[in-house]
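What follows is a single structure, written as structure tokens, with notes after it.
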Amino acid sequence: MPTVFVYLSEATYRGPSEFPWHSPDEGARHKVMLFLSQDHASASEAAATSELARFGFSEVSLKQGKPITVEALNAPNMQAFHKHYEEALSAGSSVVWYPNVLPHPAA
């Protein structure tokens with residue numbers, strides 16, 4: 001049975017993505033939350049980084065993923081993420097990006 005992991009990150013949207021979606025402006029850096037369905041019960045930062053690239057993100061600064069259960073999404077502050085959990089189960093992944101633009105990391 002698949003496990004949905006949540007990966008928090010900061011990333012720059014470079015576009016284009018492999019599929020149409022409501023993406024940020026090209027070149028903008030944002031906080032991003034990736035919901036990723038995995039067939040194994042351990043985090044895979046490589047898989048998460050690869051999936052974010054499919055969405056058009058690069059320069060990914062990723063935190064370790066954590067598994068999430070549908071029951072955890074019943075908490076009042078988590079209910080908005082239920083649709084992303086379901087999308088990860090049905091499509092393999094779902095991304096939430098936050099509109100506040102972040103500074104790019106120092107070179």
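Read the figures in this text as sums done on the coordinates, not as results from a lab. Computed from a predicted structure; not experimentally measured. So basically every Cβ, Gly included, is an ideal-geometry build from the backbone, and we count neighbours across all protein chains shown.
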Inter-site label distance for ARG54 and SER42 at 7 Å from Cα along Cβ, in nm: 2.2
Report the extension gain between LYS31 and SER17 in nm, rounded to one decimal, defined as 0.36 nm multiplied by the number of residues separating them, less their alpha carbon distance. 3.3 nm
With the crude spin-label approximation of a point 7 Å out along Cα→Cβ, what separation in nm comes out for THR69 versus GLU87? 2.5
